[in-house]
Amino acid sequence: MTKIEASHDRNELAGLLRRDPHLHAYELGDLDDFYWPYTTWYRQGDAVALVYHGAPTPVLLALHRSPAVLTELLTGLLPVLPRHFEAHLSPGGAEVLAREYPVRSRGPHLKMALTDPDRLERVAPGGEVLTEADIPELTAFYRAAYPGNWFDPRMVETGHYVGMRRDGELVAVAGVHVWSPRYRVSALGNVTTAAAYRGQGLASTVVATLCRRLLETVDTVALNVVAENTAAYKLYDRLGFTPVAEYTEYLVGEPPAPASSAAVRPL
């Protein structure tokens, strides 16, 4: 078995990840200065794994099209992984982690990539670019329209969040999880519409508008979608996205116990 190694060479990592940019869009984006301080990287031969520390719970991304290579990579990672983390794994990866951890599936997902950008022209542009001044309203919007999603307000600083308003209130938003003009890649995220306005094509408008903006600076536009989310899949399919890989998200290990609320005994 090839030894697992920590890697700090962004050029080397980029060269490996660019061999399959659709599969590794998130990892390529995380090489950017904006995300790099929150990352820990490992490689084993040509296989790369990332632990991202910028979310409340660390996230392991271990993706490879070869189950044998993925098994070897994860086997080497077992001694260095956190006690509790989320994981995005290609098929076969969960069995390796289950040797050492309790593993709970959060369901199958698809990776999709924009392969036919001409379809974007079928949708008229609309919406407005959101700024840091919109973060309080945007946070409240997600709390109501997309509870449970992960939204890092820093992402708005990229200038790639597009919102649609009705009567002055946000009703639809499309944004990014990663955007890197240096590595020419982006991944859509935090796309949703307020419940009362769904079915009116607003999500198509903001996603298409955002994608046209992104294509001015990147070559790869990708996203993750829950495999059973048929409505989202159809939306992205209409806009020129196609499935490029399957993976599953997991919760791994046991969360730390909450601090005791018992009073401290006086000496």
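The values are calculated or read from the model by the stated rules, or taken from the named source; none is laboratory data. Since the structure is predicted, the reported quantities are computational estimates derived from the model, not experimental observations. Every residue, glycine as well, gets a Cβ built from its backbone with ideal geometry; the counts of neighbours run over all protein chains shown.
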Of the residues that make up the stretch 41-50, is at least one surrounded by 16 or more Cβ atoms within 10 Å (Cβ to Cβ) and part of a helix (DSSP H, G or I)?
no
Result of the Cβ filter at 9 Å on the stretch 119-143, keeping first residues that are part of a loop (DSSP other than H, G, I, E, B) and partners that are modelled with pLDDT of 95 or more and of a type in the set (D, E, K, R), at least 6 apart or interchain, is V123/R238; P125/R212; G127/R165; L130/E137
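Residues are listed down the side, and each one gets a yes or a no for (1) of a type in the set (G, A, S); (2) out of contact with any Leu (no Cβ under 6 Å at 6 or more places or on another chain); (3) closer than 21 Å to T158 by Cβ:
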residue	(1), (2), (3)
T2	no, yes, no
D9	no, yes, no
E12	no, yes, no
G15	yes, yes, no
H24	no, no, yes
L28	no, no, yes
D32	no, yes, yes
P37	no, yes, yes
T40	no, yes, no
Looking at the structure I just gave you, is E246 loosely packed, with under 14 Cβ neighbours inside 10 Å and assigned to a loop (DSSP other than H, G, I, E, B)?
no
Residues being more than 30 Å from C211 (Cα to Cα), assigned to a strand (DSSP E or B) and either without any contact (Cβ under 8 Å) to a residue 40 or more places away in the chain or in contact with an Asp or Glu (Cβ under 9 Å, 6 or more places away or on another chain) (or both) - total across the stretch 71-102:
1
Among the candidates Y197, Y146, which residue alone is in contact (Cβ under 8 Å) with a residue 40 or more places away in the chain and among the aromatic types (F, W, Y)?
Y146
Which numbered condition I135 misses (of (1) crowded, with 16+ Cβ neighbours inside 10 Å; (2) under 14 Å from V252 (Cα atoms); (3) not acidic (D, E))
(2)
